[in-house]
Amino acid sequence: MTDPQQAERDYFANEPPPKDLQANITLAREFVARHDAAGRRLVLVTSGGTTVPLEAQTVRYIDNFSAGTRGATSAEFFLRQGYAVIFLHRQFSLLPYSRHYSHNTRSFLDFMREDHARVTVDEQHQPDMLDVLRQYTHVKRDGRLLILSFVTVTEYLWDLREVARLMRPLGPRAMFYLAAAVSDFFVPRDRMVEHKIQSNEDFAQSSTHPDADATVLPPATRTEGRKLVIDLEPVPKFLKQLVDGWAPDGIIVSFKLETDPSILVKKARYALDKYAHHLVIGNLLSTRKWEVVFVSRLEGERWIRVPEHRRTKSFSGVPSLVGSADATANQDQAEPSQS
Ligand code: PMT
């Protein structure tokens with residue numbers, strides 16, 4: 001079995017950091033120090049899916065499913081509870097507050113109208129928009145929300161590690177709420193072709209770099225006849241490193257997404273045993289908007305469900321479990337396992 005520390009050293013030695021890493025660290029350092037001095041609780045919410053580029057000059061990539069609804073909605077709830085939030089999200093996925101008016105079947109312009117050559121919010125949307133605006137303004141005034149972004153799995157992991165290390169001194173006042181959908185497989189930099197993959201064999205690249213010698217590793221993508229063959233490697237499970245090394249005293253909540261109901265709870269329990277963190281929140285792709293299962297050592301298995309009659313879309317068209325005021329009031333204690 002690979003030593004997790006060695007896997008970490010190898011991964012970060014091989015995969016170059018994102019261009020904005022230093023800028024992100026500077027912003028996060030100031031944010032953490034300010035809220036630490038104020039004695040505030042701080043949560044890192046990760047949100048959205050990570051990509052796996054297939055070429056160094058990326059035209060094609062593999063993506064992970066996630067619109068960022070869970071992360072953006074949860075961030076609003078943490079802010080409401082007085083937390084300072086670092087929101088590490090996939091670029092262009094949903095953001096707290098603005099999510100109510102974006103990624104919608106309607107344009108945000110549909111909420112507006114012209115009134116005497118001025119733009120105003122339509123009467124019917126005034127109360128909801130005022131409520132969202134007030135929350136947003138309050139959070140902005142307190143400087144309690146820091147928004148950082150990633151695109152690739154490597155950018156995500158660099159940011160996660162550096163921000164976690166900055167939050168380490170806060171001990172249990174630091175929480176990690178890992179709702180991002182993180183790729184399990186990737187193309188290592190030293191096996192990545194430089195240019196766009198060609199469908200015509202005559203133009204296929206035989207090595208990862210134009211002037212590479214014969215000792216260079218074979219590319220992870222190659223064409224065989226008219227087929228494209230992709231040979232991915234596993235991304236090390238950095239949850240172990242987060243729990244043991246980057247933030248050993250922090251509260252760590254991970255998510256587990258499955259499509260097969262019969263394995264969801266088993267996999268959540270497995271993750272809890274393996275990484276020894278605080279809580280795994282399990283959800284199924286098809287029902288994730290209405291139900292989740294909390295799996296922890298203290299409380300075992302607990303389902304939280306939005307009651308049937310509340311499963312309608314919100315005014316902004318974005319339904320979500322944590323967005324429902326009813327959800328926490330309708331917890332099914334110790335629901336039998338689906339497994
Ligand atoms: O954004 P939405 O559309 O609302 O969807 C929300 C969601 C379904 C994406 C979210 O609720 C969710 O389930 N997110 C986690 C999905 C996922 O990546 O599961 P996983 O089995 O790949 O990873 C489980 C945990 O291990 C994650 O918390 C991740 O941070 C961690 N991990 C994963 C891969 C990896 N190489 N290292 C890790 O540490």
Considering each residue of the stretch 224-266, count those that are near the ligand (Cβ under 8 Å from one of its atoms), without any contact (Cβ under 8 Å) to a residue 60 or more places away in the chain and either among the hydrophobic types (A, V, I, L, M, F, W, C) or crowded, with 21+ Cβ neighbours inside 10 Å (or both), and give that number. 1
Of the conditions (1) surrounded by 15 or more Cβ atoms within 10 Å (Cβ to Cβ); (2) farther than 23 Å from LEU178 by Cα, ARG60 fails just one. Which one is it? (1)
Taking the stretch 289-299 on its own, how many of its residues are of a type in the set (D, E, K, R) and farther than 14 Å from VAL265 by Cα? 1
Taking ARG297 as meeting all but one of (1) over 23 Å from ALA67 (Cα atoms); (2) buried (at least 19 other Cβ atoms within 10 Å of the Cβ), write down the number of the exception. (2)
Per-region count, the stretch 272-298, residues hydroxyl-bearing (Ser, Thr, Tyr) and either in contact with a Lys or Arg (Cβ under 7 Å, 6 or more places away or on another chain) or closer than 20 Å to ALA247 by Cβ (or both): 2
Taking only the stretch 29-56 into account, find how many residues are in a helix (DSSP H, G or I) and surrounded by fewer than 22 Cβ atoms within 10 Å (Cβ to Cβ). 6
May I ask you to list the residues in the stretch 166-195 that are surrounded by fewer than 15 Cβ atoms within 10 Å (Cβ to Cβ), touching a residue at least 60 places away in the same chain (Cβ under 8 Å) and either closer than 29 Å to THR259 by Cβ or of a type in the set (Lys, Arg) (or both)? PHE185, ARG189
In the stretch 49-105, which residues are closer than 17 Å to SER254 by Cα, in contact with a Lys or Arg (Cβ under 7 Å, 6 or more places away or on another chain) and away from the ligand (no atom under 13 Å from the Cβ)? VAL85
I'm trying to understand the selection: among the residues of the stretch 174-189, which are more than 13 Å from the ligand (Cβ to nearest atom) and either out of contact with any Gly (no Cβ under 8 Å at 6 or more places or on another chain) or at pLDDT below 95 (or both)? VAL187, PRO188, ARG189
Here are some conditions: (1) free of Cβ contacts under 8 Å to residues at least 12 places away in the same chain; (2) within 24 Å of the chain's Cα centre (by Cα). PHE108 meets all but one. Which one does it not meet? (2)
Sort out which residues of the stretch 58-110 are part of a helix (DSSP H, G or I) and among the hydroxyl-bearing types (Ser, Thr, Tyr), and write them in order of number. THR69, THR73, SER74, SER98, TYR101
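The values are calculated or read from the model by the stated rules, or taken from the named source; none is laboratory data. From a predicted model like this one, the values you see are computed outputs, not experimental measurements. Cβ: placed from backbone, ideal geometry, glycine included. Neighbour counts: every protein chain shown.
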